[in-house]
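Derivation of every value follows stated rules applied to the coordinates shown; laboratory data play no part. A quick note: this is a predicted structure, and the numbers were derived from the prediction, not measured. So basically every Cβ, Gly included, is an ideal-geometry build from the backbone, and we count neighbours across all protein chains shown.
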Amino acid sequence: MEKDPFFFVPKNSEWNALIGRQGDPYLYAEGYIEAAFELSRQIVVQKLYLQRDTLVMPILYNTRHSIELHQKLFIDELVTAGLLLNGHPPNHDIASHFSLLQDAAIPDLDVRSLLDKLKPFVNSLSRIDDDGQEFRYFENREGDRSLQDKALANIVVIGRSVKDLKSILSDLKYRISSLCAEYHTGTQS
């Protein structure tokens, strides 16, 4: 029997990663932003000029996907805690997920402030890729070239933005988690 090329686990466990039943939904969300951050950083640090053209779309897609996953997790936590009455229909529209969070008037100044910081990132990526397709495929569903109205993107600018976004998403994760715990125990009204 052949070894599975991706899921064979050797005896040396140093590089074993937690997945599946040992995974966590935030590991997915954080993994995509971490991948975008590391790719953009390595392109600049190692002066990978050829890879900037091949890796820019995975960087942007991973960034966008991380925003989507984080927002879905935030909404789920807030619904579970009773801070949001309803969740969001299952789709990939990061702008509508963001609108739900922002319009909810979550009773916490820090959360609302962090959502204000998140807004330009959501607006930028949702303007270009409203459903997660434009960064993934050369042609969109209509058969047009993806990102047809764009010609260039700067890896350094993207990398700085990914770094800032990573911090905002992390801060939101911890503040929403704390808020939900406070709300559940009655220390937050």
Leu48 versus Val157: modelled label distance in nm, points set 7 Å from Cα along the beta carbon direction: 2.2
Note on the range 1-48: the mean projected area of its alpha-carbon convex hull, in nm², is 5.4
Roughly how many whole Å is it from the C-alpha centroid of the range 65-136 to that of the range 15-44? 20
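Mind putting a number on the dipole of the range 42-102 about its Cα centre? Charges go on the C-beta only, +1 for Lys and Arg and -1 for Asp and Glu, and I need it in Debye to the nearest 20. Could the numbers behind the result be given before it?
Details: 4 positive and 5 negative charges, 58 e Å.
Value, rounded to 20: 280 debye.
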Any chance you could list the semi-axes, whole Å, largest first, of the equivalent ellipsoid that the Cα gyration tensor gives for the range 64-143, using √(5λ)? 25, 14, 9
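Name the chymotrypsin sites (Phe, Trp or Tyr not before Pro) in the range 1-95 that are in a loop by DSSP and that have at most 16 other C-beta atoms within 10 Å, would you? Don't skip to the answer; put the middle values down first.
Values: sites: Phe6, Phe7, Phe8, Trp15, Tyr26, Tyr28, Tyr32, Phe37, Tyr49, Tyr61, Phe74; in loops: Phe6, Phe7, Phe8, Trp15.
Those that pass, being in a loop and sparsely packed, are Phe6, Phe7, Phe8, Trp15.
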Magnitude of the Cβ-charge dipole of the chain, K/R +1 and D/E -1, about the Cα centre, nearest 20 debye? 560
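Mind checking the dipole of the range 127-189: about its Cα centre, +1 per Lys or Arg Cβ, -1 per Asp or Glu Cβ, Debye to the nearest 20?
Numbers: 10 positive and 11 negative charges, 73 e Å.
Result for the range 127-189 is approximately 360 debye, rounded to the nearest 20.
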Specify the longest stretch of the chain that does not include any exposed loop site, a site being one of the GluC sites (Glu not before Pro) with a non-H, G, I, E, B DSSP assignment and at most 14 other Cβ atoms within 10 Å. 15-141
So for the chain, taking the charge dipole from beta-carbon charges (+1 Lys/Arg, -1 Asp/Glu), which of Pro10, Val79, His184 sits furthest toward the positive end? Pro10
Along the range 145-155, Karplus-curve 3J(HN,Hα) (6.51, -1.76, 1.60; θ = phi - 60°) to the nearest Hz, with x for Gly and Pro, reads 5, 5, 6, 4, 8, 10, 10, 9, 9, 9, 5
For the range 115-128, just list the computed ³J(HN,Hα) in residue order, Karplus coefficients 6.51, -1.76 and 1.60, θ = phi - 60°, integers in Hz, with x standing in for Gly and Pro. 5, 4, 6, 6, 3, x, 5, 5, 4, 4, 6, 6, 4, 8
Where a label projected 7 Å from the Cα of Asp110 along Cα→Cβ would reach, residues of the range 149-186 with amide N under 16 Å: 167-186
Across the range 42-189, qualifying lysine pairs (alpha carbons under 18 Å, at least 8 places apart or different chains) come out at 11
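How long are the three semi-axes of the equivalent ellipsoid for the range 22-97, computed from the Cα gyration tensor as the root of 5 times each eigenvalue, in whole Å, largest first? Walk me through the intermediate numbers first.
Numbers: eigenvalues 195, 33, 12 Å².
The three semi-axes for the range 22-97 are 31, 13, 8 Å.
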